[in-house]
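Everything on this sheet refers to the single structure shown next.
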Amino acid sequence: RRCVQETGYQRRVHGIIEMLKSFLWIAFAAFIAVSFCTRGVDYSTRVTSISCMVSNGYTFAVPRGYCSYGGVDSNVVANLRSAWDGGMSNVDVYMFPCVSCGNPKRQVDQLVDALANSKYGMIWFDIENYKWSNDKESNRRFILESIAQIKARGKVPGVYTSYYNWESIVGISWDGVKDCPLWYAHYDNDPSFRDFKPFGGWRKPAIKQYSGDKTLCGSGVDFNFYQEYNSCLLYTSPSPRDQRGSRMPSSA
């Protein structure tokens, strides 16, 4: 077989072709990653600008369902209806419990009963530094009773918390509810799971709340994402807000 030496021109053409191949692969990978990235919002006030949010690429919503003072959020039924009517693909609720009120089963029942005629997915149980006991064992019992009651009522529970909140309230290694999906807060303005470090028995999160106290379509919201891949390829400048302070609004 005759060996033909590649000319300088041929080498340049070959190099350009290889560069184009690399560019196309990168573009394809970016398209796939963004396609499987789902952005959403959570909020604690009456929100009606849902169609605007959907048009801006936010397709799941988690309105507050229960308030830290110990009562069902008066806006939750209307917010659920508005979220579906406005075009959200998935709608859950979050429950901010009143630890000092005691009787976690009754609190869960109040929420589930109030939403008997409403359509929603999961109930996210909010665990963050707000009037919890200094007794970690007591806090663990409250959480276990709450999660058990959510399941007993035929609903799917999830846990909203952060590394530091979990460490403070129940101890970083306690894994009593690791079977529940994890929605964690870390306000780094980065819709990815690159920052996640395991705690509480969770090796992989379900949702990340990556930015809080934002305004979208005239409403106050927090920004969240979930997806199959490792990041959304959507980057903004880092937030100066301390992750230890990340928290949902507690009461209206």
**Complete:** With the 1.4 Å probe rolled over protein heavy atoms, region 39-105 has an accessible area per residue in Å² of 35
**Prompt:** Could you give the accessible area per residue of region 123-183, probe 1.4 Å, as a whole number in Å²?
**Reply:** 42
**Item:** Cα gyration tensor category, rounded, prolate or oblate, for region 106-181 with a/c compared to 1.5
**Value:** prolate
**Item:** Amide H contacts of Ser133 (H built 1.01 Å from N, under 5 Å, at least 5 apart or other chain)
**Value:** none
**Message:** Could you work out the pair-distance distribution P(r) of region 32-172 from its alpha-carbon pairs, with 5 angstrom bin width and percents rounded to whole numbers?
**Reply:** 2, 10, 20, 21, 18, 14, 9, 5, 1, 0
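The values are calculated or read from the model by the stated rules, or taken from the named source; none is laboratory data. All of these numbers come straight from a predicted model, not from anything done at the bench. Keep in mind that these areas ignore ligands, DNA and RNA; they rest on the heavy atoms of the full protein, side chains included. Shrake-Rupley method; radii C 1.70, N 1.55, O 1.52, S 1.80 Å.
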